[in-house]
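Heads up, the thing below is written out as structure tokens.
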Amino acid sequence: MPREERREPIPGYEADIHRALWERILTIGVPRLWAAVWICLCLAASLFCLMRFGLVWSFLPLLGYVVGHAILMALTVWDGQWDDVLLAQVTRRYKSFYEAE
């Protein structure tokens, strides 16, 4: 019997698979952790500028947020696992090239 004809799942044999198991959870096109860290840093910098320099200068970190978020989005489009690759490069010290012997 084709799958389209069957209306109800057989108990114990079929279950919904959540997309988060095979896709990364993104917030506006950026991995969730990096998006949260970036917005917190920019909001803290904006609050600092507001208290230290005034209202006009507090918008500068918010402009930096837009630019930084666009860069993070471009990295995610270029390579969906860029942060894992970066972490592996920093912690495992991979060589940039290998010489054949």
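With respect to (1) modelled with pLDDT under 80; (2) surrounded by fewer than 10 Cβ atoms within 10 Å (Cβ to Cβ); (3) among the basic types (K, R), the lone exception for R52 is condition (1). Regarding I17, is this residue hydrophobic (A, V, I, L, M, F, W, C) and either on the phi > 0 side of the Ramachandran plot or not in a helix (DSSP H, G or I) (or both)? Judged against the criteria, I17 is a match. Step by step: first the residues of the range 51-101, then only those that are acidic (D, E) and in a helix (DSSP H, G or I), then the one that is farthest from the chain's Cα centre (by Cα). Which residue is that? In this case the residue turns out to be D84.
If the condition is being in contact with a Lys or Arg (Cβ under 9 Å, 6 or more places away or on another chain) and either surrounded by 13 or more Cβ atoms within 10 Å (Cβ to Cβ) or outside any loop (DSSP other than H, G, I, E, B) (or both), then the range 20-49 contributes R24, L26, P31, R32.
Filtering the range 78-101 to residues that are loosely packed, with under 10 Cβ neighbours inside 10 Å and either within 18 Å of W34 (Cα to Cα) or not aliphatic (A, V, I, L, M) (or both) leaves W78, V90, T91, R92, R93, K95, S96, F97, Y98, E99, E101.
When you look at G12, is it at positive phi and not aromatic (F, W, Y), yes or no?
On the way: at positive phi: yes; not aromatic (F, W, Y): yes.
When the stated conditions are applied, G12 passes them.
The values are calculated or read from the model by the stated rules, or taken from the named source; none is laboratory data. Just so it is clear, the structure is predicted and the values come from calculations on it, not from any experiment. Positions of Cβ are backbone-derived with ideal geometry, glycine not excepted, and every protein chain shown enters the neighbour counts.
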